[in-house]
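Reviewing the structure listed below.
Quick note: the coordinates plus some simple rules give every number you see, no bench work behind them. These numbers were taken from a predicted model, which means no experiment stands behind them. All Cβ positions, glycine included, derive from the backbone under ideal geometry; neighbour counts span all protein chains shown.
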Amino acid sequence: MEFRFNTEQELFRKSVREWATKNLEPRARQIDAEENGVPDDLVQQMVDLGIFGLTVPEEYGGCAVPGEELMYSMIAVQEIAKADLSMSVPVYALLTIGWSYIVNKFGTDQLKEEVLTAAAKGEAFVGINTTEPGGGSDLARIKTTALKNGDKYILNGEKAYVSGPKECMKLGAPSGHCSLVVTDPEKSYKGLTFMYIPAHLDGITWSVYEDMGRMGLSTGGWVYKDVEIPEYCLLGQENRGFYHVMEGFNAARVLVAAACLGGAERALEISAEYNSQRTTFGKPLIKNEGISFEMVNDWMQLDMLKLNLQRGAWMIGTESQEPGTFSHKDINKVIATCKCLSPPLAHEAARHGMVYHGAFGFTKETPLEMMLRGVMSYEVGAEGGLNIMRGIIARDLWGEVANPFKE
């Protein structure tokens with residue numbers, strides 16, 4: 001592993017950066033303020049750049065490089081997040097990119113043909129859907145059931161705090177979510193199954209919540225009543241869903257961390273620009289060590305996390321091509337570390353920048369307040385709460401004696 005991108009990856013990074021700076025950044029505030037979702041023309045431009053095909057094989061219309069899918073995806077999401085600090089477009093992209101990766105890894109041929117072909121063309125939203133009204137972190141306690149009936153599963157239950165209901169309705173079939181359901185109620189977490197739930201089947205209703213941030217991407221809930229899920233929508237093996245979804249979360253957390261880190265990088269750039277130009281008592285703000293040293297602390301953490309995130313994406317890609325190279329515990333610890341540390345770092349980078357700007361920082365003339373609101377979604381739990389990440393690390397470092405998820 002090299003501590004830099006290869007030539008092709010760097011060229012891709014520059015192309016995404018150029019596009020995002022020119023086309024996305026000037027419209028980020030509008031996307032957040034108008035709450036009408038990600039504009040169609042921006043989605044098409046991302047399609048043209050190949051962004052939605054980064055985890056989709058060529059046979060389904062994508063441009064995935066085997067073993068480097070998450071590396072390229074990480075690059076794209078990080079650059080998009082620098083341009084849209086609200087996190088709306090980065091999260092819209094990372095969900096479809098990340099969970100398409102899992103559909104490709106575990107899906108049936110029919111499911112991949114339907115979902116991945118549309119996703120690569122920006123014509124389907126693909127998300128994750130595990131949280132329920134009674135909680136989200138304790139996946140072994142979920143209540144939504146999918147009981148086998150011939151060649152179908154009959155789905156009943158409710159999911160909550162899910163990204164993308166409006167996007168699914170706008171784009172139509174085969175948009176949907178990867179979800180964890182109970183297929184054998186007698187077996188606890190060993191009776192869970194991972195499956196893709198198309199959003200447009202009979203018996204599905206949805207609602208939308210009013211969030212505090214990330215306003216360009218909807219969040220809501222789903223209710224399922226006697227919904228017939230075709231057998232080909234299985235992801236992996238029946239009753240092995242708990243293990244499959246864990247792999248999915250590792251891939252998704254790479255991209256979540258990339259979004260947070262991209263936003264933090266841009267927040268630090270904004271702070272440096274402002275503090276270099278703004279003078280008080282005859283000198284630039286950045287000459288005050290109370291400011292510059294705090295910025296240095298943010299930069300140091302950011303730089304270390306960038307390298308660790310690159311390592312995590314490389315580990316997942318290497319393991320996919322050379323199974324057995326790394327244990328699940330090795331990968332879990334690296335990815336959980338990135339997911340645990342990156343949202344607070346992004347939050348602090350935005351908050352620090354707002355303080356440097358003084359009263360100006362409390363206005364919507366700066367995008368930092370938009371970032372502060374948006375990144376909170378990943379502090380409170382999306383793709384795993386911060387203390388859940390700490391629990392994973394403790395368990396995989398010190399074994400069952402330190403496992404907080406079991407009595």
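List the lysines whose Cα sits under 30 Å from the Cα of Lys166, skipping any in the same chain fewer than 8 residues away. Those lysines meeting the cut-off are Lys22, Lys82, Lys105, Lys112, Lys121, Lys143, Lys148, Lys152, Lys225, Lys339, Lys364. Only helical runs count toward this figure. For the chain, summing -39,500 (n - 2.57) over DSSP H runs of n ≥ 4 and dividing by all residues gives -17000 deg cm²/dmol at 222 nm. Using DSSP, restrict attention to beta bridges with both residues in the chain and report what percent are antiparallel, rounded to the nearest 5. About 85 percent, rounded to the nearest 5.
Between Asp41, Asp84, Asp138, the residue with the greatest mean-square fluctuation in the GNM of the chain (Cα pairs under 10 Å linked by springs) is Asp41.
Residues considered: Lys112, Lys187, Lys82. Largest GNM mean-square fluctuation over the chain, using C-alpha springs under 10 Å, is found at Lys187.
What is the stretch 228-301 by shape, rounded, prolate or oblate, if you read a ≥ b ≥ c off the alpha carbon gyration tensor as root eigenvalues and call it rounded for a/c under 1.5, prolate for a/b larger than b/c, and oblate otherwise? Write out the running numbers ahead of the final one.
Numbers: a/c = 7.99, a/b = 4.14, b/c = 1.93.
Prolate is the answer for the stretch 228-301, as a/c is 1.5 or above and a/b outweighs b/c.
A Gaussian network model of the chain, with springs between Cα atoms under 10 Å, assigns the largest mean-square fluctuation among Ile392, Ile102, Ile51 to Ile392.
Using alpha-carbon pairs under 8 Å, 6+ residues apart, how would you state the relative contact order of the chain in percent? Show your work: numbers first, answer last.
Working: 796 pairs, mean separation 70.3, N = 407.
Over the chain, the number comes to 17 percent.
Based on the Cβ-Cβ distance of Lys364 and Asp109, what FRET efficiency does E = 1/(1 + (r/R0)^6) give at R0 = 60 Å, to the nearest 0.05?
0.80
Taking the average, over residues, of other Cβ atoms within 10 Å as the packing measure, peptides 221-227, 120-126, 285-291 rank 120-126, 221-227, 285-291 from highest down.
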